[in-house]
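First comes the structure, then the notes that go with it.
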Amino acid sequence: MNHPSCEGSSLGRRTMTCVSAMALAMGILLPGAASAQGRQEGEGRGEGRVVLAGNGPGPAANGPGPGCNIIPPLASTGTKVDISQFPPADSLTDPELAGPVQLLKSGKFDIPIEALTGINVPSGNPRGTITLPLFKGAVKTPSGPKPAWYIILDAGNQDEATRLGVNFSKKLPNAGDAARTATRQADGTFLFESGVVDFSPNRAVAPGSEDRPFPPSVAQPGSIGDADYSPLVNVDGIIYDAPVVAAAVEDGLINFPNGNPNYALVHDQVVAIDPANRTVTLSLINGFSFGKPVFYISTESSDPTVSAIEGNTFAPRLRRLEVGIDDISRSAVERIFIATNGESKGGCNNPQRQGLSAALLDGHRPNNTFGGIPTTARDYSPVWDANLYEWTEDAIDKGYRGLLTEEFRILKLARDGYITGPNGAPFGSAGPVIVCGVAARLN
């Protein structure tokens, strides 16, 4: 598993060019490069230290401490009666009401989603995964058709979404040529016209300075799509969110049903893959939407620095999507709000922990905040327009910095001048998009 380099393949040369160009476009400078396959121990938080390196999904969603664990408590907390006396959550009869909701009906969770608020889930076990149907289609290449291993998380047609047990997004039909084309084969799987992913690079991420961990000093994604690749696929006029999760190889090379897969051949969020039984298990990630905790799956982004931090596939074709337009009629995107300098002191023990600086320092997820998701809004899209925000020095000095979990709270703080874009820039879209299918709402 070698790093791509400027002297390597044409894909490697394009990638390193993209890293520099996109990093500069976002105001993110990457002063160093690193080659590492694991966490470097025995070093302080000095500039350039690789604290998040190698491959795989990283820390679990069911993490330690209130800053890295969003699983809700028992509904009976603070009462004098046992939880067994409580009625089932209202969401079990009406998903738009309070309570947990499994959004990806096609998946099997290791955490019992619909029992949440009625049971205790110990930290760390189960991990926080979802097992999904794995499809073996094909992709056309210059040397002939090759296997295409993909999952489906969302569809732009309500009937098709219901049939597949995935999320419906009315915005996906606006994807335009950010979606590649495919035809439906006799067995129902997709034959992609083009687009492959290289899973062989080693992912490497290092924070910047200790007082300003973001932007990172090193950021190298662990998987890279070619110029034609996109998780968005147009099949018979329906747009699907169908990310590729394994290399274009035959079954035997990706047979890891019990875990410990070869990350030179599979997506970094894969925990186990079983081509014989056509299933793949993926790591879930913590987030929020309108004050509610959610689990999601991160699969691609349009920026190499973002993909390195997220542990997903860098897919440059996604840059064709228009950003900064949110909910107007031609939009294919919804907004995600990402703190650059949220609270990080104390790591996972801090209930106010949030943001990229925290993630770069402790390796856990940044607790991002989504706009609308299914059951809370009708403007959901799995394509998220990254709105990066930075707390002002004035807000920090006054003790206002904390965990933000709701879109309009964030917009109000931007209006009132307590948060801005990175480095004091105007608040709004930073340019990249991130493809994340929302898997569950936890309460």
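Bear in mind these aren't lab numbers, they're just calculated from the coordinates by the rules spelled out. Quantities reported herein were computed from a predicted structural model and do not represent experimental measurements. Cβ atoms come from the backbone with ideal geometry, glycine included; neighbour counts cover every protein chain shown.
Using the Cα atoms of segment 212-295, I'd like the radius of gyration and the largest Cα-Cα distance, Dmax, both in angstrom.
Answer for segment 212-295, Rg first and Dmax second: 16.1, 48 Å.
Where in segment 85-122 is the amide nitrogen less than 13 Å from a point lying 7 Å along the Cα-to-Cβ axis of Ser76?
Output list for this probe position: 85-88, 117-120.
Can you list residues from other chains, or at least 5 along the same chain, whose modelled amide H is less than 5 Å from the amide H of Gly342?
Leu356, Ser357, Ala358
Counting pairs of alpha carbon atoms under 8 Å apart in space and at least six apart in sequence, what relative contact order in percent does the chain give?
Value for the chain: 19 percent.
Could you identify which residue out of Thr369, Thr392, Thr305 has the top mean-square fluctuation in a GNM of the chain using Cα springs shorter than 10 Å?
Highest fluctuation among the options: Thr392.
Run through the DSSP bridge list for the chain and note the antiparallel percent, rounded to the nearest 5.
Around 75 percent antiparallel, to the nearest 5.
Please turn the phi angles of segment 94-104 into ³J(HN,Hα) values with the Karplus equation 6.51 cos²θ - 1.76 cosθ + 1.60 (θ = phi - 60°), one per residue in order, whole Hz, x for glycine and proline.
3J(HN,Hα) across segment 94-104, in whole Hz: 9, x, 7, 8, 5, x, x, 9, 7, 7, 7.
Charges only on Cβ, +1 for Lys and Arg, -1 for Asp and Glu: so what's the dipole of segment 191-286 about the Cα centre, in debye to the nearest 20?
Value, rounded to 20: 280 debye.
Tell me which residues come under 5 Å, amide H to amide H, from Ala246 once H is placed; ignore anything under 5 positions away on its chain.
For Ala246, the qualifying residues are Trp149, His267.
For the pair Ala227/Asn120, report the inter-label distance in nm, with labels modelled 7 Å from Cα in the Cβ direction.
Calculated label separation equals 5.8 nm.
Would you work out which of Asn262, Ala148, Gly222 lies farthest towards the positive end of the dipole of the chain? Charges go on Cβ: Lys and Arg +1, Asp and Glu -1.
It is Asn262.
Rounded, prolate or oblate: which one fits segment 106-223, using the alpha carbon gyration tensor with axes a ≥ b ≥ c (rounded when a/c is under 1.5, else prolate when a/b beats b/c, else oblate)?
Details: a/c = 1.92, a/b = 1.16, b/c = 1.66.
Oblate, since a/c reaches 1.5 and b/c is not below a/b.
Note the full-extension length gain between Arg378 and Ile325 as 0.36 nm times their separation in residues minus their Cα-Cα distance, in nm to one decimal.
17.5 nm
To the nearest 0.05, how large is the calculated FRET efficiency for Thr93 and Arg278 if R₀ is 30 Å and r is the Cβ-Cβ distance?
0.40
On a straight-distance basis, which lysines could pair with Lys146 in a cross-link, Cα separation under 27 angstrom, same-chain partners fewer than 8 positions away excluded?
Excluding near neighbours in sequence, the set is Lys136.
Roughly what would the spin-label model give for Val249 and Asp416, points 7 Å off Cα along C-beta, in nm?
Label-label distance for Val249 and Asp416, simple model: 5.4 nm.
In debye, nearest 20: dipole of the chain around its Cα centre with unit charges on the Cβ of K, R (+) and D, E (-)?
Using only the charged Cβ atoms, the result is roughly 140 debye.
Rounded, prolate or oblate, given the Cα gyration tensor of segment 221-349, with a/c below 1.5 counting as rounded?
Oblate shape, in that a/c is at least 1.5 and b/c is the bigger or equal ratio.
Could you work out the helix-only [θ] at 222 nm for the chain, with each DSSP H run of four or more residues adding -39,500 (n - 2.57) and the total divided by the number of residues, to the nearest 500 deg cm²/dmol?
-3000 deg cm²/dmol
If the chain between Asp211 and Ser84 were fully stretched, how many nm would it gain, using 0.36 nm times the residue separation less the Cα-Cα distance?
Separation in residues times 0.36 nm, less the Cα-Cα distance, equals 40.9 nm.
For the chain, modelled as a Gaussian network with Cα springs under 10 Å, which listed residue fluctuates most, Arg163, Arg378, Arg317?
Between Arg163, Arg378, Arg317, it is Arg163 that shows the largest mean-square fluctuation.
Which distance in nm do the two modelled labels at Asn349 and Thr183 give, with both placed 7 Å along the Cα-to-Cβ direction?
Placing both labels 7 Å beyond Cα along the Cβ direction yields 6.2 nm.
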